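Read the structure below first, then the notes.
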Amino acid sequence: MGIYEELKARGLIAQVTDEDEIRELVNNGKATFYIGFDPTADSLHVGHFMALLLMKRLQAAGNKPIALVGGGTGMIGDPSGRSDMRRMMTVEEIDANCRKFQKQMSRFIEFGPGKAQMVNNADWLRNLNFLDFMREIGPEFSVNEMLRARCYVNRLEKGLSFLEFSYMLMQGYDFYNLYKNYGCNMEFGGDDQWSNMLAGTELIRRKLGKDAYAMTITLLLKHDGTKMGKTSGGAVWLDPEKTSPYDFYQYWRNVDDEDVVGFIRKMTFLPLEEIDEMDKWKGSQLNRAKEILAYELTKLVHGEEEAEKAQDAARSMFGKGIATDIPQTVLKDDDFKDDKIGIIQLLVKAGFATSNGDARRTIQGGGVRVNETQVKDIYAQFDKAELAKNETVLQKGKKNFKKLIVE
RNA sequence: GGAUGGAUUCCCGAGUGGCCAAAGGGGACAGACUGUAAAUCUGCUGGCAUUGCCUUCGAAGGUUCGAAUCCUUCUCCAUCCA
């Protein structure tokens, strides 16, 4: 079975421009492909992770990846599939985000001579001369066609600025440029990128009379069609500073029954036969599958050690024992008043409440426990010496734990 | 440039002078039930404080005892015409 067949079996392929040709190139390691990442935040998230995994799989099959960081396209902002305009970022923000992206990516993909390459489209987009650019590629784009692109439908009702409308030209130009200067013959991306990617293959055909190919991967969706990767705290980030390995693990540990096996298939490197077995699991058996999913993904993102730690912590917290490796909250001297601290302050301090009022409501709703004992009194006080002496675990709801450390 | 409609709390959306920190829904969070699942039911959803106070309805001014609601100017958006 070639890599193409495997991708297909894992349910990763959404759309392709020319199936036979792509299969041929990819299975024989003859593809030089690129995937673009726009620096919209200061960390990669799960959506990007899907793309990075694809890169890894294809690289393992002998193909040459180019990771493109969008220091240029990020100046514009991709309107595809969005219902409103992105906030315009400053150049400084964009560049800072680009650096973070580059750093994170190099943990997943091997870069270097003969391996993967990293490029930044700021290098060729930022200094373009508007008129030259327009005269070079403007004639190759049909506004009529662009308006028909499905990724804009929302925006045609709600408003689409010319700035954003021009995004497609930039992405098309990227591909064209990479084709000419890097021998890149294929572009991959999320399924929402389809129109933008076709802009590139079209441009290459018209300008150079050559064929280039595009393939999209299925977006990671829940069975009800909503997007994955959002939590109460926002997105699920790959940066351990923004989403701790424990939280990352928990996120996957808690996916819907109906989604688990599909996610394992799409995102892990486990053999397909093993996954086919899991397809037969039912009911609470699926908890095992959820552990596998959470463990495997945490391992991929944060390494084996962190994955073990997260798993142990989760098992003991939800089993009986007291966990050792759960997130901590450090209490300093000035958090105490007369060597005491109130339960409300503790919750806020631990990040379990956004305000005192929020903390109060959570307590009154019965959602707070200290060492497994429910705290109902919003004025409950805790003694500094006691906290320092005995290990204390603060719990909000069923799944949020923090160990309290007195400094 | 002209005409019309619009901007409300995380999102959608009601509210046209006091009873409005603002209906309803969604989402989020918490409780019950469970399998750390889903569905369901319940609570809760601006901030600070022990009755109360402070900030919020695109922005700035004004009218009024009192404004999300009325007036003026401005900004932004949509639709139609150019």
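Quick notes on this one:
- Our coupling estimate for the range A:304-315, obtained by passing each phi through the Karplus curve with A = 6.51, B = -1.76, C = 1.60 and θ = phi - 60°, is 5, 4, 5, 5, 4, 4, 5, 5, 4, 4, 4, 4 Hz, Gly and Pro reported as x.
- Comparing A:254, A:401, A:50 along the charge dipole axis of chain A, the residue lying farthest to the positive side is A:401, per the Cβ-charge model.
- Entry for the range A:1-126 at q = 0.12, 0.15 Å⁻¹: log10 I(q)/I(0) = -0.50, -0.76, Debye formula applied to identical alpha-carbon scatterers, no solvent contribution.
- 20 Å tail of the calculated P(r), the range A:203-333, as % of Cα pairs: 55
- Projected over every direction and averaged, the convex hull enclosing the alpha-carbon atoms of the range A:278-407 yields 9.6 nm².
- Rounded to 0.05, the FRET efficiency of the residue A:210 and residue A:372 pair, given R0 = 45 Å and the Cβ-Cβ distance, is 0.10.
- Compared with the dominant principal axis of the Cα atoms in chain A, helix A:46-60 is inclined by about 60°.
- Debye, to nearest 20: dipole size of the range A:145-274, +1 on Lys, Arg Cβ, -1 on Asp, Glu Cβ: 640
- Ordering A:276-286, A:388-398 by mean Cβ neighbour count within 10 Å, with the highest value first, yields A:388-398, A:276-286.
- Across every direction, the projection of the convex hull enclosing the Cα atoms of chain A has a mean area of 23.2 nm².
- Of all accessible heavy-atom area on chain A, the percent that carbon and sulfur account for (1.4 Å): 47
- Formal net charge of residues neighbouring residue A:307 (Cβ-Cβ distance under 10 Å; K, R +1; D, E -1): -4
- Rounded to the nearest 20 debye, dipole of chain A from Cβ charges on Lys, Arg, Asp, Glu: 560
- Above-threshold pairs, the threshold being 22 Å between Cα atoms, out of A:242/A:349; A:309/A:332; A:340/A:399; A:210/A:266; A:103/A:299: A:309/A:332; A:340/A:399; A:210/A:266
- Local net charge near residue A:213, Cβ-Cβ under 13 Å (Lys/Arg +1, Asp/Glu -1): -4
- Using a Gaussian network model of chain A in which every pair of alpha carbons under 10 angstrom is joined by a spring, one finds that among A:223, A:48, A:302 the greatest mean-square fluctuation is at A:223.
- Values of log10 I(q)/I(0) for the range A:320-393 across q = 0.12, 0.14, 0.15, 0.16 Å⁻¹ run -0.32, -0.43, -0.50, -0.57, by the Debye formula with one identical scatterer at each alpha carbon and no solvent.
- Dipole of the range A:252-310, positive direction: furthest Cα of A:301, A:283, A:264, with charges on the beta-carbon: A:283
- Summing +1 for each Lys or Arg and -1 for each Asp or Glu among the other residues whose beta-carbon sits under 11 angstrom from that of residue A:59 gives +3.
- Förster radius 45 Å - calculated FRET efficiency between residue A:274 and residue A:340 (Cβ-Cβ, nearest 0.05): 0.25
- Cα-Cα pairs of the range A:271-343 separated by more than 22 Å (percent): 47
- With viscosity 1.567 mPa s and temperature 4 °C, the Kirkwood radius over alpha carbon pairs of the range A:223-293 converts through Stokes-Einstein to a diffusion coefficient of 99 µm²/s.
- Estimated from the Cβ-Cβ distance and a Förster radius of 45 angstrom, the FRET efficiency linking residue A:126 and residue A:254 is about 0.60.
- Helix A:257-267 axis, angle to chain A major axis (alpha carbon atoms, nearest 10°): 50
- Amide H contacts of residue A:187: A:34, A:213, A:214, A:215, each under 5 Å away and 5 or more positions distant or on a separate chain (H built 1.01 Å from N in the peptide plane; Pro and chain starts excluded).
- What the range A:298-397 shows is 56 Å² of accessible area per residue, with the surface traced by a 1.4 Å probe over protein heavy atoms.
- Cβ crowding within 10 Å averaged over residues, with A:235-246, A:375-386, A:11-22 ranked highest first: A:235-246, A:11-22, A:375-386
- Most positive-pole-ward Cα, A:171, A:120, A:292, against dipole of chain A from beta carbon charges: A:292
- Low-density loop cleavage sites - trypsin sites (Lys or Arg not before Pro) in the range A:18-97, where at most 12 other Cβ are within 10 Å (DSSP): A:87
- Gain on full stretching of the segment that runs from residue A:110 to residue A:281 - 0.36 nm per residue minus C-alpha separation: 58.0 nm
- Over chain A, Cα pairs under 8 Å with separation of 6+ residues give a relative contact order of 14 percent.
- The charge dipole of the range A:217-356, taken about its Cα centre with unit charges on the Cβ of Lys, Arg, Asp and Glu (plus for the first two, minus for the last two), comes to roughly 400 debye.
- With protein chains left intact and a 1.4 Å probe, residues in the range A:129-191 average 52 Å² of accessible area per residue.
- Across the range A:180-220, the fraction of Cα-Cα pairs farther apart than 14 Å, rounded to a whole number, is 45%.
- With the whole protein complex present, residue A:153 retains an accessible surface near 80 Å², based on a 1.4 Å probe.
- Per-residue HN-Hα couplings for the range A:389-395 [Karplus 6.51, -1.76, 1.60; θ = phi - 60°; Hz; x = Gly/Pro]: 7, 9, 5, 10, 10, 9, 10
The values are calculated or read from the model by the stated rules, or taken from the named source; none is laboratory data. None of these values were measured; they are calculated from a predicted model. Every residue, glycine as well, gets a Cβ built from its backbone with ideal geometry; the counts of neighbours run over all protein chains shown. SASA here: full protein model, heavy atoms, side chains in, ligands and nucleic acids out. Shrake-Rupley method; radii C 1.70, N 1.55, O 1.52, S 1.80 Å.
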